[in-house]
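Scroll down for the structure; my scribbles are underneath it.
The values are calculated or read from the model by the stated rules, or taken from the named source; none is laboratory data. Because the structure is predicted, anything quoted here is derived from the model rather than measured. Cβ placement follows ideal geometry from the backbone for every residue including glycine, while neighbour counts extend to all protein chains displayed.
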Amino acid sequence: MTLHILATVMNADRLKSVTVFRTVRDGFPTADIVVYGNDIEDNHSRKTIASAAAYVGAHYTNIARHSHGQWIEKLLANASEPFWICDTDIVFFDKVEDWFAGSPELYAGRYEPQFWEPWTETVH
């Protein structure tokens, strides 16, 4: 099983909100983890995210900027096996990687209708 994480850093002062690396191995103790830097240009931010990824045994790669939706579409288009997607601000308290083993199901948070997000100037 592979876990994919898109790390977007629009403000280096907010790096502390990237909490997933503190507990990701609680939720996914054996999964392959791939962390995608979402066109992280700031060298300090990129090194911080890459180091955190390496600390938990994850592979890090910096990619061209994508919206979250575009990134998910690319994952779906290229997937041959079920996978997990996780945000960077999530915390795990227990193992979840085998919740749907053998039975591919969609699992997601609440529905958010599409809207214009003025801070990032993007469609969310």
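Miscellaneous remarks
- So T61, is it modelled with pLDDT of 90 or more, out of contact with any Lys or Arg (no Cβ under 6 Å at 6 or more places or on another chain), crowded, with 16+ Cβ neighbours inside 10 Å and among the polar types (S, T, N, Q): no
- Checking region 32-42 against the condition returns a match, with at least one residue being free of Cβ contacts under 8 Å to residues at least 24 places away in the same chain, outside any strand (DSSP E or B), out of contact with any Pro (no Cβ under 6 Å at 6 or more places or on another chain) and surrounded by fewer than 18 Cβ atoms within 10 Å (Cβ to Cβ).
- Of A53, A77, all but one fail to be in a helix (DSSP H, G or I) and at pLDDT 95 or above; the exception is A53.
- Looking only at region 2-29, and only at residues there that are farther than 19 Å from F93 by Cα and among the aliphatic types (A, V, I, L, M), the one that is surrounded by the most Cβ atoms within 10 Å (Cβ to Cβ): A7
- Residue check for W116: more than 18 Å from the chain's Cα centre (by Cα), at pLDDT 85 or above and either at positive phi or surrounded by fewer than 10 Cβ atoms within 10 Å (Cβ to Cβ) (or both): yes
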